[in-house]
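K.L.:
Once you've had a glance at the structure underneath, I'll fire off some questions.
Values in this text are rule-based calculations from the coordinates and carry no lab data. Quick caveat: nothing in here was measured; it's all calculated off a predicted structure. Using ideal geometry, Cβ is built from the backbone for each residue, glycine included, and neighbour counts are taken over all protein chains shown.
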Amino acid sequence: MSTAPFDFTAKNVLVFGGTSGINLGIAKGFSAAGARVGVASRSQDKVDAAVAQLGNDLGPAMGFSLDVRDAPAVQQAVHDFVAERGQIDVLVSGAAGNFLAPAAGLSPNGFKTVIDIDLLGTFNVMRAAYESLVKPGASVINISAPQAWIAMAFQVHACAAKAGIDQVTRTLALEWGPEGVRVNSIAPGPIGGTEGMERLAPTKEAAEHSQKAVPLGRWGEIEEIANMAMFLSSDLAGYVSGAVIPVDGASSAGRSIGG
Ligand code: HXC
Ligand code: NAP
């Protein structure tokens with residue numbers, strides 16, 4: 001894959017859920033493009049490992065161990081990041097939890113847990129960061145999924161959570177647009193080498209079936225999501241806000257004949 005032609009030198013990028021998979025890939029993309037990056041997630045070990053992979057000529061990345069369901073902890077991390085860096089140019093909200101479960105066997109707390117991590121977590125992150133976002137010029141990227149508008153069996157919790165995230169994206173694009181803050185969702189299709197696909201397609205057969213179902217004939221790569229996050233946060237996308245952008249090889253474009 002070609003190197004992304006983006007320059008985020010000295011921009012401050014804070015990625016919630018940024019210690020593994022797609023979100024770590026986004027943090028790596030921004031870091032390689034010159035940004036000063038911070039990442040946050042629950043596991044201190046994952047935070048430490050991510051920080052060790054990030055950083056650039058401007059210095060090391062910052063790491064925060066927290067749960068996005070804990071609003072005061074999110075506020076504290078934003079405070080500490082801004083105390084060091086001054087402001088936030090790009091905010092990414094990507095923390096998520098998921099598992100396959102039939103609704104008839106899912107407990108209320110199982111449903112609530114995913115809603116709380118994904119949807120409430122995204123509100124907590126955006127709410128906490130608002131005061132520190134650069135105005136005008138800031139970019140907020142929320143990580144959604146095509147399941148927000150194309151329902152998927154055994155995913156009632158995740159489908160509802162991601163649909164909610166997209167309405168948060170649109171609503172706050174309306175509220176914060178007049179101040180020059182752009183807010184968008186990226187909806188990744190199936191992305192290889194991720195915890196998400198380990199959970200949604202846990203067998204070799206399921207993975208092959210899933211890959212064949214993508215019109216482009218393959219799973220996406222983490223870097224392809226990072227590239228979209230950087231594009232959306234760049235001046236090239238200066239008039240893009242309130243959008244939900246699928247990066248999914250046309251998986252959500254429609255049905256194939258016989259599909
Ligand atoms: C049914 C389950 C379950 C399962 C947990 N629960 N796993 N129910 N099937 N496989 C229920 C529990 O029984 C409990 O309900 C409730 O959920 C909370 O469980 P905890 O283990 O206490 O929650 P917690 O420790 O907060 O962990 C959250 C988690 C966990 C979501 C359950 O898997 C996690 O931390 N995941 C983070 C990593 C992850 O999921 N990455 C993939 C993201 S991919 P009761 O009633 O018993 O108390 C992704 C793809 C999106 O998001 C694409 C599609 C939209
Ligand atoms: P992942 O590696 O499990 O990433 C999830 C991240 O969120 C981890 O860093 C995790 O670290 C953190 N996290 C989870 N719960 C948290 C909480 N309560 N508080 C703070 N941080 C928390 O999964 P992934 O597959 O790369 O998915 C990343 C994002 O892409 C998610 O938003 C997911 O919904 C979305 N997505 C993925 C796919 C796919 O194909 N994989 C498709 C569509 C959408 P800790 O465990 O340390 O907390």
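K.L.:
For F99 and S65, what does the FRET efficiency come to when R0 = 22 Å and r is the distance between their Cβ atoms, rounded to the nearest 0.05? Don't jump to the answer; show the numbers that get you there.
P.N.:
Working: r = 23 Å, r/R0 = 1.03.
Between F99 and S65 the formula returns 0.45.
K.L.:
Tell me the angle of helix 71-85 to the major Cα principal axis of the chain, expressed in degrees between 0 and 90 and rounded to the nearest ten.
P.N.:
50
K.L.:
Students often forget the sequence filter, so: which aspartates and glutamates lie under 13 Å Cα-Cα from K162 once same-chain residues fewer than 8 apart are removed?
P.N.:
D116, D118
K.L.:
Positive end of the charge dipole of the range 78-137 (Lys, Arg +1 and Asp, Glu -1 on Cβ, about the Cα centre): tell me which of L106, L119, S132 has its Cα farthest that way.
P.N.:
Of L106, L119, S132, it is L106.
K.L.:
Where the centroid of each part is defined by its Cα atoms, how far is the range 117-177 from the range 19-62 in Å?
P.N.:
Value for the Cα centre distance between the two parts: 21 Å.
K.L.:
For the range 31-190, give the magnitude of the charge dipole about the Cα centre (Cβ charges: +1 Lys/Arg, -1 Asp/Glu; no others), in debye to the nearest 20.
P.N.:
Numbers: 11 positive and 14 negative charges, 65 e Å.
Charge dipole, the range 31-190, about its Cα centre: 320 debye, nearest 20.
K.L.:
Here's a follow-up. Over the range 170-234, what number does the Rg to Rh ratio reach, with both radii from the alpha-carbon atoms and Rh per Kirkwood? Write down the numbers at each step before the final one.
P.N.:
Working: Rg = 15.8 Å, Rh = 13.8 Å.
Answer for the range 170-234: 1.14.
K.L.:
How far apart, in nm, are two points set 7 Å out from the Cα along the Cα-to-Cβ line at A153 and at N56?
P.N.:
Rounded to a tenth, the inter-label distance reads 4.6 nm.
K.L.:
Okay, moving on. Between D80 and I257, what length comes free when the chain is fully extended (0.36 nm per residue of separation minus the Cα-Cα distance, one decimal in nm)? Mind dumping the intermediate values first?
P.N.:
Values: separation 177, 0.36 × 177 = 63.72 nm, distance 5.31 nm.
Extra length available between D80 and I257 comes to 58.4 nm.
K.L.:
Hey, another quick one. Subtracting the Cα-Cα distance from 0.36 nm times the residue separation, let me have the gained length for L216 to S43 in nm, one decimal. Write down the numbers at each step before the final one.
P.N.:
Details: separation 173, 0.36 × 173 = 62.28 nm, distance 3.51 nm.
That works out to 58.8 nm of additional length.
K.L.:
Let me ask something else. Using a Förster radius of 25 Å, what is the FRET efficiency between A10 and K135 based on their Cβ-Cβ separation? Nearest 0.05, please. Numbers along the way, then the final one.
P.N.:
On the way: r = 18 Å, r/R0 = 0.71.
So the FRET efficiency works out to roughly 0.90.
K.L.:
What order do you get for I88, I222, I186 when you list them from fewest to most C-beta neighbours inside 10 Å? Please report the intermediate quantities before stating the final value.
P.N.:
On the way: I88 23, I222 20, I186 26.
Result, fewest neighbours first: I222, I88, I186.
K.L.:
Mean residue ellipticity at 222 nm from the helices of the chain, using -39,500 (n - 2.57) per DSSP H segment of n ≥ 4 over the full residue count, to the nearest 500 deg cm²/dmol?
P.N.:
Values: 9 runs with 101 residues, N = 259.
Helix-only estimate at 222 nm: -12000 deg cm²/dmol.
K.L.:
Which of H209, H157 has the fewest other C-beta atoms within 10 Å, and how do the rest follow up to the most?
P.N.:
Ordered by Cβ neighbours within 10 Å, fewest first: H209, H157.
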